[in-house]
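To start, the structure under review is shown below, and the notes come after it.
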Protein chains: 4
Amino acid sequence: MAVSKAEMEAFFRDHFPQAELIIEELGDKIATIRKHIEFKHLRPGGTVSGPTMMELADAALYVTILNEIGLVGLAVTTNLNINFLNKPSAEKDLIAECKLIKVGKALIIGDVYLYSEGNEQPVAHAVGTYSIPPKR
Amino acid sequence: MAVSKAEMEAFFRDHFPQAELIIEELGDKIATIRKHIEFKHLRPGGTVSGPTMMELADAALYVTILNEIGLVGLAVTTNLNINFLNKPSAEKDLIAECKLIKVGKALIIGDVYLYSEGNEQPVAHAVGTYSIPPKR
Amino acid sequence: MAVSKAEMEAFFRDHFPQAELIIEELGDKIATIRKHIEFKHLRPGGTVSGPTMMELADAALYVTILNEIGLVGLAVTTNLNINFLNKPSAEKDLIAECKLIKVGKALIIGDVYLYSEGNEQPVAHAVGTYSIPPKR
Amino acid sequence: MAVSKAEMEAFFRDHFPQAELIIEELGDKIATIRKHIEFKHLRPGGTVSGPTMMELADAALYVTILNEIGLVGLAVTTNLNINFLNKPSAEKDLIAECKLIKVGKALIIGDVYLYSEGNEQPVAHAVGTYSIPPKR
């Protein structure tokens, strides 16, 4: 079911143009995604907004899941739990590293660490569940 | 510490212009917030994007907490757990109803239900924790 | 699908004898459960252990779900998120008030507040998801 | 602040005798804990109960945190989020692998995978937050 980086980026440009993601790596149940941080993503105090991080965590899960099940676009998030760990840098891209920890028929669960590029301390950690509609 | 609706909206316009919130009600440890849904918040299939809902849940918690502790702007989200329950309507505003369930010295925890206006079935439910920095 | 208190208690005695629950109320998507606190549930410092609260929250969800779908016993917990809010009393029973917030075909989600009897400040709040296996 | 395995086991025997943990490994912000599964931990259908897994995840976090901050015993769980991934074996010990992902002054957050011994697919994954009371 693996998808090429170019196909995945084209799928996101078509379906989620506002996400503006760069696919860095797509592997077996893992993916690394980059998001370029711009002024609109910032909060006072020189940091990246929480919703920007939540959106990236959710998108990283979605990319990793689509790479596993194919570009069907039918998976929907049912739960996301995120812990904010350290203040992200306003001047660095955010990098999301996602790993699927369960691939079931009905539910897929993954784990995401977010980093400000070049810093090995994660800025956030999320766990998300996607529901896969039954095939007809 | 209670804040007027006009003060709270001014605070948000200054600090979080992109949030575009309308404060419907501010009470003792409760608040109701409205977000007008526009094309940029939608997903294919005529629904509101998950990140739009996560952002609104986080903002509703922040409004309710600031109304409790004053417009200090120093509370930071440490955890958000959100369950997506039903598909929101693309044509209705989202309404967030927040209630604080613990107001401690260091941590404040609240509960948020999100609704598509006019529908009593919630579209999402979130629980969030904010950390309050120690006073000097 | 509603079940009587006596049937529900008998079901629990048979299947989960260690849970030792008393069903206080069973209603439409709601239930109230009592757990008698004994020495074995305590922690140093005169409080109830976290796992005792987690077990009660999970059991309260299960009771409320079985009252909705019937005593089929096939629902399984897929996610539990719990926030510990206040120190429970070592000398009071724990009371769990559960409400289902989504009853879908595949997933049921509920919300639980735990109280030390007689105190209106909750000691914990949990949100849990159960998965319902497809009917054959 | 590192603690020997024998000291940690003695601390747990004294303070949490019911936990019955075996410390397999204690390292820098990591720990591996084993719990011997007995009849009392089982559920109908030949599996380990959810509360047994929640208790082990919480204990594994506590061990790893005490190894980092010393055997002060004052850290308290504020949040635990657990996903149940696969059915555990009734005949195998449970192994918990914990890693701290943030060590702050007020909050410590860790990540735990639980396994049935000998199976590389995790049976559960938890993320927990402990609050550290301020030093006087």
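Kindly tabulate the residues in region C:27-76 with an accessible-area decrease of at least 30 Å² between the chain alone and the assembly of all protein chains, using a probe of 1.4 Å.
The answer is C:Arg43, C:Pro44, C:Pro51, C:Met54, C:Glu55, C:Asp58.
Mind grabbing the interface size between A and B? I mean buried accessible area, both sides, 1.4 Å probe, in Å² to the nearest hundred. Please report the intermediate quantities before stating the final value.
Details: alone 7550 and 7560 Å², together 13450 Å².
The contact between B and A buries close to 1700 Å².
What accessible area per residue comes out for region D:37-105, rounded to a whole number of Å², with a 1.4 Å probe? Mind dumping the intermediate values first?
Values: 2550 Å² over 69 residues.
Counting only protein heavy atoms, the per-residue value for region D:37-105 is 37 Å².
Could you work out the pair-distance distribution P(r) of region B:87-130 from its alpha-carbon pairs, with 10 angstrom bin width and percents rounded to whole numbers?
29, 41, 22, 8, 0
Using a cut-off of 12 Å between beta-carbons, work out the net charge of the residues near B:Pro17 (Lys and Arg +1, Asp and Glu -1, B:Pro17 not included). Numbers along the way, then the final one.
Values: positive: A:Lys40, A:Arg43, B:Arg13; negative: B:Glu9, B:Asp14, B:Glu20.
So the surrounding residues net to 0.
Using the reciprocal of the averaged 1/r over all distinct C-alpha pairs, how large is the Kirkwood radius of region B:67-110 in Å?
Details: mean 1/r = 0.0745 Å⁻¹.
After inverting the pairwise mean of 1/r, the radius is 13.4 Å.
Which net charge results for the neighbourhood of C:Leu71, defined as the other residues with beta-carbon distances under 14 angstrom from its beta-carbon, given Lys and Arg at +1 and Asp and Glu at -1? List each step's numbers first, then the result.
Details: positive: C:Lys5, C:Arg13; negative: C:Glu7, C:Glu9, C:Asp14, C:Glu68.
With Lys, Arg at +1 and Asp, Glu at -1, the net is -2.
Of all accessible surface on region D:67-132 at a 1.4 Å probe, what whole percent is carbon and sulfur? Mind showing how you got there, number by number?
Details: 1190 of 2470 Å².
The nonpolar share, carbon plus sulfur, comes to 48 percent.
Under a straight-distance cross-link criterion of Cα-Cα below 18 Å, which lysines are reachable from C:Lys29, leaving out those fewer than 8 residues away in the same chain?
The reachable lysines, counting only those whose Cα sits under 18 Å from C:Lys29, are C:Lys5, C:Lys99, C:Lys102, C:Lys105.
Between D:Ala19, D:Ala106, D:Ala57, find the one with the highest GNM mean-square fluctuation for chain D; connect C-alpha pairs within less than 10 Å.
Result for chain D, Cα springs under 10 Å: D:Ala106 fluctuates most.
Percent of alpha carbon pairs in region B:25-69 separated by more than 11 Å? Each step should come with its number before you reach the end.
On the way: 657 of 990 pairs.
Every Cα pair in region B:25-69 considered, those over 11 Å come to 66 percent.
Put a dot 7 Å past each Cα toward the Cβ at C:Lys40 and B:Glu38; how far apart are the dots in nm?
Each label point lies 7 Å from its Cα, and together they span 6.1 nm.
Could you pull the accessible area for B:Glu25 with a 1.4 Å probe, rounded to 10 Å²?
Solvent-accessible area, nearest 10 Å²: 90 Å².
Based on the Kirkwood radius over alpha-carbon pairs, what is the Stokes-Einstein translational diffusion coefficient of region C:59-136 at 10 °C with 1.306 mPa s viscosity, in µm²/s? Each step should come with its number before you reach the end.
Values: Rh = 13.3 Å.
This corresponds to a translational diffusion coefficient of 120 µm²/s.
How high is the FRET efficiency from B:Asp28 to C:Lys5, r the C-beta distance, R0 51 Å, rounded to 0.05? Kindly include the intermediate steps, with their values, before the conclusion.
Working: r = 36 Å, r/R0 = 0.70.
The pair B:Asp28/C:Lys5 has a calculated efficiency of 0.90.
What residues in region A:86-106 lose 30 Å² or more of accessible surface when the other protein chains are added to their chain alone (1.4 Å probe)?
Buried by the other chains: A:Ile101, A:Lys102.
Can you give the Rg to Rh ratio of region B:1-45, both from alpha-carbon atoms, with Rh computed by the Kirkwood formula?
Values: Rg = 12.8 Å, Rh = 11.9 Å.
Using only Cα positions, Rg/Rh for region B:1-45 is 1.07.
On alpha carbon coordinates alone, what is the Rg over Rh value for the protein assembly as shown, Rh being the Kirkwood radius? Kindly include the intermediate steps, with their values, before the conclusion.
Details: Rg = 22.5 Å, Rh = 23.9 Å.
Here Rg/Rh amounts to 0.94.
When 1/r is averaged over all different Cα pairs and the result inverted, which Kirkwood radius in Å belongs to chain C?
Details: mean 1/r = 0.0669 Å⁻¹.
Mean inverse Cα-Cα distance, inverted, gives 14.9 Å.
Considering only the other residues whose Cβ falls under 15 Å of the Cβ of A:Met8, what net charge follows from Lys and Arg at +1 and Asp and Glu at -1? All intermediate terms of the calculation are to be shown ahead of the outcome.
Details: positive: A:Lys5, A:Arg13, A:Lys29, A:Arg34, A:Lys35; negative: A:Glu7, A:Glu9, A:Asp14, A:Glu20, A:Glu24, A:Glu25, A:Asp28, A:Glu68.
Here the count lands on -3.
The values are calculated or read from the model by the stated rules, or taken from the named source; none is laboratory data. Computed from a predicted model, the values in this text were never measured in an experiment. So basically every Cβ, Gly included, is an ideal-geometry build from the backbone, and we count neighbours across all protein chains shown. For accessibility, only protein heavy atoms count, side chains too; no ligands or nucleic acids. Shrake-Rupley method; radii C 1.70, N 1.55, O 1.52, S 1.80 Å.
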